[in-house]
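Written out below as structure tokens is the structure these notes cover.
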Amino acid sequence: MSEGYSEGIRLYQAGRYNDALTFFMQYTVSADDDSMDYSYYVGLIYVRLERYEDALLYLEQIVTSSDVLESRIMQCRLLLAVIYTVTGRARLAEFEINKLMEYGYRPAMVYSVYAYLLWKQHKIEDCITAYEKALENDAQNPTAMNGLGYVLASSGRDYTRALSLCKKALAEQPDSAACLDSLGWVYFHLGLLDEAENYISRARQYQPACKEIGEHYRAVAEKKLAK
């Protein structure tokens, strides 16, 4: 790792992503610096800032390089799979997921990303199967527990299991907006509107700009008004 990047990396690790980005954007890469280190960290920062199109430019450099540690390539492939999924590039997401599966890299997380892709494609049964496979690999994986709980509740399959899974996921990640929202959404489907409002309101505090959380919050408010 280039010593010249140490301050930017420190800012990134401290969660000061805008400051870290400013550092890297102002940094002049010299012949002594590792340009792939630069691309790696800038890509990670853009992911954290949810500036996905910018992140792609740097992460794709990592996965196509022959001069990067395999662990970093796999990490960046996973991030690419997530970005391609949330931005609607299903075929590219599937390509990255298949590559990760070939290497056996973090199967619980990879199956969870695949499950989310299937959910976006409205393939509910396949989505549930993928989340179950994620939990077979890691029974306590919060992403898989939360995702499966949300899908089970949203599709009206098994509210009891959905509630249990989402509670366990939130216990693992108590500050996660996704976990707070999912648990609130389960309570909404159970008709427990005060509990639903509590958790979804807390999720909004963490991610006020999230469209899905906002839609859930409005659904709860409208149902409470209608009672």
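In the range 14-29, which residues are assigned to a helix (DSSP H, G or I) and open to solvent by less than 60 Å² (accessible area, probe 1.4 Å)?
Within the range 14-29, Tyr17, Ala20, Leu21, Phe23, Phe24 meet the criteria.
Could you say whether any residue in the range 124-141 is closer than 20 Å to Ile213 by Cα and aromatic (Phe, Trp, Tyr)?
There is no residue in the range 124-141 that is closer than 20 Å to Ile213 by Cα and aromatic (Phe, Trp, Tyr).
Report, ordered by the first and then the second residue, all pairs with beta carbons closer than 8 Å, sequence separation of six or more or different chains, a first member in the range 5-16 that is in contact (Cβ under 8 Å) with a residue 24 or more places away in the chain, and a second member that is exposed (fewer than 13 other Cβ atoms within 10 Å of the Cβ).
Listed pairs, sorted by first residue: Ile9/Met1.
Quick one: is Ala221 surrounded by fewer than 22 Cβ atoms within 10 Å (Cβ to Cβ) and either free of Cβ contacts under 8 Å to residues at least 40 places away in the same chain or over 16 Å from the mean Cα position of the chain (by Cα) (or both)?
Criteria met by Ala221.
Taking Leu148 and the conditions (1) within 27 Å of Arg51 (Cβ to Cβ); (2) modelled with pLDDT of 95 or more, which numbered condition does it fall short on, given that it satisfies the others?
It fails just one condition, (1).
Look at Tyr38 and say whether it is of a type outside the set (A, V, I, L, M, F, W, C) and within 19 Å of Val82 (Cβ to Cβ).
So Tyr38 fails the test.
Quick grid of which residues meet (1) modelled with pLDDT under 95; (2) among the small types (Gly, Ala, Ser):
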{"residue": "Ala20", "(1), (2)": "no, yes"}
{"residue": "Leu57", "(1), (2)": "no, no"}
{"residue": "Glu70", "(1), (2)": "yes, no"}
{"residue": "Ala81", "(1), (2)": "no, yes"}
{"residue": "Thr85", "(1), (2)": "no, no"}
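Given the structure, is Tyr84 aromatic (Phe, Trp, Tyr) and free of Cβ contacts under 8 Å to residues at least 24 places away in the same chain?
Considered against the rule, which asks whether it is aromatic (Phe, Trp, Tyr) and free of Cβ contacts under 8 Å to residues at least 24 places away in the same chain, Tyr84 comes out as yes.
Give Tyr27, Tyr84, Tyr105 a once-over and let me know the one that is of a type outside the set (Lys, Arg) and either more than 29 Å from Glu132 (Cα to Cα) or in contact with a Cys (Cβ under 9 Å, 6 or more places away or on another chain) (or both).
Unique residue meeting the criteria: Tyr27.
Name the single residue that is least open to solvent (accessible area, probe 1.4 Å) among those in the range 30-80 being among the small types (Gly, Ala, Ser) and either out of contact with any helix residue (DSSP H, G or I) (no Cβ under 8 Å at 6 or more places or on another chain) or farther than 30 Å from Tyr206 by Cα (or both).
The residue in question is Ser65.
Are any residues in the range 189-198 of a type outside the set (S, T, N, Q), surrounded by fewer than 23 Cβ atoms within 10 Å (Cβ to Cβ) and farther than 21 Å from Lys123 by Cα, and if so, which ones?
Result: Leu190, Gly191, Leu192, Leu193, Asp194, Glu195, Glu197.
How many of the residues making up the range 153-172 are more than 17 Å from the chain's Cα centre (by Cα) and open to solvent by less than 10 Å² (accessible area, probe 1.4 Å)?
The total comes to 2.
The values are calculated or read from the model by the stated rules, or taken from the named source; none is laboratory data. None of the values given here were measured: they were computed from a predicted structure. Counting neighbours? That spans all protein chains shown, and the Cβs are built from the backbone with ideal geometry, glycine included. Remember, those area values only see protein heavy atoms, side chains included, never the ligands or the DNA or RNA. Shrake-Rupley method; radii C 1.70, N 1.55, O 1.52, S 1.80 Å.
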